[in-house]
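These notes concern the structure reproduced below.
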Amino acid sequence: MKYILTLLLSSSLSFASIDALKSFEANFTQTITDDKKKSLVYEGHIVASAPQNALWNYYKPIKKDVYINRFRVVIVEPEIEQVIIRNIESDFDFFRMIKSAKKINENTYEAKYRESRFIITINKDIIESISYIDEFENNVKIIFSNQEQNKKIDKKIFIPKYPLDFDVIRD
């Protein structure tokens, strides 16, 4: 569940310009730091479109594609020839949450969902980063670069693609 919520959250949070964003595309670096200060760094590219569609293409340290929509997450892992399909059982509504985000200062907003607090940093209405503590007390920070907002995105990009001979696991 942590993995799904983290993916859903981070993909959904990628939508913010703080209240009028319809699509978002960017490169990202995601750093997850545990309580012993050990970090794991991921790099990739995200394409997201309202209401809740996202495609996270992870390049480093491993190749992985994560497709997210309102009802399910599909994780395609080519290195192990595996696809994981999970239904989302969360009532998370990012857009409602972001509209209620409170401005902390000129470039920083705070949003809350259940017990979690998200810090969204923007610059000239462009999202620069999102930080939060996940359910395992890890610090998560996603930094975006080469951002494009509100451009037209072909919805077909959100249809999962994988070879038919991959193992499919349904959670």
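The values are calculated or read from the model by the stated rules, or taken from the named source; none is laboratory data. Since the model is a prediction, treat every value here as computed from it, not as a measurement. Cβ: placed from backbone, ideal geometry, glycine included. Neighbour counts: every protein chain shown.
Tabulated values for the structure
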| item | result |
| --- | --- |
| Matching option when the condition is surrounded by 12 or more Cβ atoms within 10 Å (Cβ to Cβ) and touching a residue at least 40 places away in the same chain (Cβ under 8 Å), among Asn146, Asn107, Asn150 | Asn150 |
| Of all residues making up the stretch 118-131, the number that are out of contact with any Ser or Thr (no Cβ under 9 Å at 6 or more places or on another chain), surrounded by 11 or more Cβ atoms within 10 Å (Cβ to Cβ) and part of a loop (DSSP other than H, G, I, E, B) | 0 |
| All positions within the stretch 132-171 that are assigned to a strand (DSSP E or B) and either touching a helix residue (DSSP H, G or I) at 6+ places or on another chain (Cβ under 9 Å) or within 17 Å of Trp56 (Cα to Cα) (or both) | Tyr132, Val140, Lys141, Ile142, Ile143, Phe144, Ser145, Asn146, Gln147, Glu148, Gln149, Asp167 |
| Pairs where the first residue, in the stretch 111-131, is on the phi > 0 side of the Ramachandran plot and the second is modelled with pLDDT under 90 and outside any strand (DSSP E or B), C-beta under 6 Å, 6+ apart | Asp125/Ser17 |
| Residues of the stretch 5-37 classified as among the charged types (D, E, K, R) and modelled with pLDDT under 75, total | 1 |
